[in-house]
Amino acid sequence: MHTRVLTGITTTGTPHLGNYVGAIRPAVLASKDPNVDAFYFMADYHALIKSDDADRVEASRLKIAATWLAVGLDPNAATFYRQSDIPEVPELMWLLTCVTAKGLLNRAHAYKAAVDRNIENQEDADAGINAGLYMYPVLMAADILAFNANKVPVGRDQIQHIEMARDIAQRFNHTYGSDFFVMPEAHIEEQVATLPGLDGRKMSKSYDNTIPLFEGGPKGMRDAIMKIVTDSRAPGEAKDTDDSSLFTIFKAFATPAETAAFAEALHGGLGWGEAKQALFERVEAEVGPMRERYESLMARPDDMEDVLQAGAAKARAIAGPLVQTLRQAVGLRSSRQIVAPAPAVAPVATKAKPPRIASFRDTDGSFRFRLFGSDGDELLLSVPFADPKAAGALRQALSTLGGASAVLETQGGQIVLKMGGDVVATAASADAATGVLRLRAELDALAAATAEEAAAKAKA
Ligand code: TRP
């Protein structure tokens, strides 16, 4: 089973060791799991809410893209893109905005905190608050729902946003009468430690206690590590490792054996100065080669642009057909389509034939099948299978899938059906808008007919 894992990376500031250990490293690792379909993107539209400094916005999204690639994200395995390169995201945001209760947004933590601060300072409740902050949760819902992500790894502070995305998705599904969206789940990494900063509090830009990941080179890293606060025990005295941020940071970079040896040395009286040098060397052994990649990426912004544009194309191949389906659903339809007027009297007992699947043996001996719509049109052609059992299993799965669960994407201008991440069939129609809608409806009809047949058999 493929799980689509999606997360947005806020493009503000410069990544530090806490970001690396807590978010970047585990996400890059997760993207290597063959059962994971990872979607990672730079949330640069979100960045505009917090910053109107254009040069900083530009610099930050560049640095953050380079950081993820340097750490080892494979843009061919994962879908890596900038939010602002996907016009379907703001388009979807508007469709979602129109089913979102204003009261829901009033309750968002970030907005409420800003209002509370204003009230405390005896200002107007909304003083200095832009509508972007207010709409933040809807934009985030669009980020997630445009790709029907299953799992969204986030920090605890973001859980409410995922709940809102579910809420909004449900309301849209309900309003327009179909399961357009799957319900995303927040995923909190429990094992990953939050790294302490120089002063022992959580490493965070807002505490000004960070160790930079790449910025400042090895010297910047070493200088910061030398500033980690320790107790005043002299060399030769036994050190307490339980309560030491230096030790905790070491642990995040070392194997259990290295960690045990380091603990023993500290208990045996290793001086803090030497311990800091050992920490620097351990961290630098992991980060050094990445920093070199980072610097060479930053020196070639054009190449990075190519990587991101390719990522955007991959992402749009999925969001595009979905948004087309939604446009149809809400009534934003082309006038060119001829809509047959509804017959005044329902035709008597001419129940349309359900869609059907027909198997055949291709000239090369492979096993394939076609899906025909209720009017007899050919809708889908499967890929060839050497093994008739594989073709049969797929045929079976397709009969019960239904339109809402079908993964339909455009590839090279063609609509394809995917299962378990692989293209298993190609659509006859190239028109993303009407083709996808039609396919979904026919797959629903096929699933209904299959269920009816099974029920009839069970009775007999
Ligand atoms: N709000 C998230 C954060 O601050 C970033 C983000 C934007 C995001 N869009 C998202 C995270 C979609 C997950 C899914 O961390």
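The values are calculated or read from the model by the stated rules, or taken from the named source; none is laboratory data. What you see is a predicted model; the values in this text were computed from it and never measured. Glycine also receives a Cβ, built like all others from the backbone with ideal geometry; neighbour counts cover every protein chain displayed.
Tell me, please, whether a residue that is more than 15 Å from the ligand (Cβ to nearest atom), in a loop (DSSP other than H, G, I, E, B), within 24 Å of ASN148 (Cβ to Cβ) and among the aliphatic types (A, V, I, L, M) can be found in the stretch 80-91. For the stretch 80-91, residues more than 15 Å from the ligand (Cβ to nearest atom), in a loop (DSSP other than H, G, I, E, B), within 24 Å of ASN148 (Cβ to Cβ) and among the aliphatic types (A, V, I, L, M): absent. Give the stretch 392-427 a look and list any residue that's farther than 16 Å from THR325 by Cα and crowded, with 18+ Cβ neighbours inside 10 Å, or say none. Scanning the stretch 392-427 gives LEU394, ARG395, LEU398, SER399, LEU401, VAL424, ALA425. Are any of the residues in the stretch 45-65 out of contact with any strand residue (DSSP E or B) (no Cβ under 7 Å at 6 or more places or on another chain), crowded, with 21+ Cβ neighbours inside 10 Å, more than 20 Å from ALA165 (Cβ to Cβ) and not charged (D, E, K, R)? Yes, the stretch 45-65 has at least one match.
Evaluating SER296 against the criteria (1) over 25 Å from PRO26 (Cα atoms); (2) of a type in the set (Gly, Ala, Ser); (3) in contact with a helix residue (DSSP H, G or I) (Cβ under 9 Å, 6 or more places away or on another chain) leaves one unmet condition, (1).
Being away from the ligand (no atom under 12 Å from the Cβ), outside any helix (DSSP H, G or I), within 28 Å of PRO321 (Cβ to Cβ) and not polar (S, T, N, Q): is that true of LEU96 here? So LEU96 fails the test. On the given criteria, is ASP33 over 23 Å from VAL182 (Cα atoms), part of a loop (DSSP other than H, G, I, E, B) and away from the ligand (no atom under 14 Å from the Cβ)? Spelling it out, it is not the case that ASP33 is over 23 Å from VAL182 (Cα atoms), part of a loop (DSSP other than H, G, I, E, B) and away from the ligand (no atom under 14 Å from the Cβ). Within the set GLY220, GLY216, the sole residue that is touching a helix residue (DSSP H, G or I) at 6+ places or on another chain (Cβ under 8 Å) and under 18 Å from ALA285 (Cβ atoms) turns out to be GLY216. Could you tell me whether any residue of the stretch 113-134 is among the aliphatic types (A, V, I, L, M), modelled with pLDDT of 95 or more, within 23 Å of the chain's Cα centre (by Cα) and not in a helix (DSSP H, G or I)? Checked against the condition, which is being among the aliphatic types (A, V, I, L, M), modelled with pLDDT of 95 or more, within 23 Å of the chain's Cα centre (by Cα) and not in a helix (DSSP H, G or I), the stretch 113-134 yields no hits at all.
The set of residues from the stretch 159-181 being away from the ligand (no atom under 15 Å from the Cβ) and outside any helix (DSSP H, G or I) comprises GLY177, SER178, ASP179, PHE180. Residues in the stretch 142-154 that are within 11 Å of the ligand (Cβ to nearest atom) and in contact (Cβ under 8 Å) with a residue 60 or more places away in the chain: 9 in all. Return yes when TYR40 is away from the ligand (no atom under 14 Å from the Cβ), aromatic (Phe, Trp, Tyr) and either closer than 23 Å to ALA141 by Cβ or assigned to a helix (DSSP H, G or I) (or both) and no when it is not. No, not satisfied. Checked against the criterion of being closer than 22 Å to TYR40 by Cα, surrounded by fewer than 20 Cβ atoms within 10 Å (Cβ to Cβ) and hydrophobic (A, V, I, L, M, F, W, C), the candidates MET164, MET140, MET183 yield just one match: MET183.
Reported count of residues in the stretch 351-365, each being under 11 Å from ALA449 (Cβ atoms), at pLDDT 90 or above and of a type in the set (A, V, I, L, M), is 1.
One residue alone among LEU246, LEU213 is under 25 Å from ALA70 (Cβ atoms), surrounded by 13 or more Cβ atoms within 10 Å (Cβ to Cβ) and outside the structural domain of ASN148 (by TED's automatic domain parsing), and that residue is LEU213.
At pLDDT below 85 and either assigned to a helix (DSSP H, G or I) or buried (at least 16 other Cβ atoms within 10 Å of the Cβ) (or both), is that true of VAL436? Yes, satisfied.
Do we have any residue at all in the stretch 68-88 that's over 28 Å from ALA169 (Cα atoms), within 17 Å of the chain's Cα centre (by Cα) and aromatic (Phe, Trp, Tyr)? Scanning the stretch 68-88 turns up at least one residue that is over 28 Å from ALA169 (Cα atoms), within 17 Å of the chain's Cα centre (by Cα) and aromatic (Phe, Trp, Tyr). Screening THR259 with (1) part of a helix (DSSP H, G or I); (2) under 27 Å from THR14 (Cα atoms); (3) among the β-branched types (Val, Ile, Thr) gives one miss only, at (2). Taking (1) within 13 Å of the ligand (Cβ to nearest atom); (2) more than 26 Å from ALA299 (Cα to Cα); (3) not in a helix (DSSP H, G or I) in turn, GLY22 satisfies each apart from (3). Inside the stretch 266-284, can you point out the residues that are free of Cβ contacts under 8 Å to residues at least 12 places away in the same chain and among the aliphatic types (A, V, I, L, M)? Listed by number, the list is empty, since nothing qualifies. If the condition is being within 10 Å of the ligand (Cβ to nearest atom) and over 22 Å from SER31 (Cβ atoms), then the stretch 113-141 contributes TYR136, PRO137, LEU139, ALA141. Condition test on ALA430, is it part of a loop (DSSP other than H, G, I, E, B) and touching a Phe, Trp or Tyr at 6+ places or on another chain (Cβ under 9 Å)? No: the conditions fail for ALA430.
Of the residues making up the stretch 354-370, those that are more than 15 Å from PRO388 (Cβ to Cβ) and in contact with a strand residue (DSSP E or B) (Cβ under 9 Å, 6 or more places away or on another chain) are PRO355, ARG356, ARG370.
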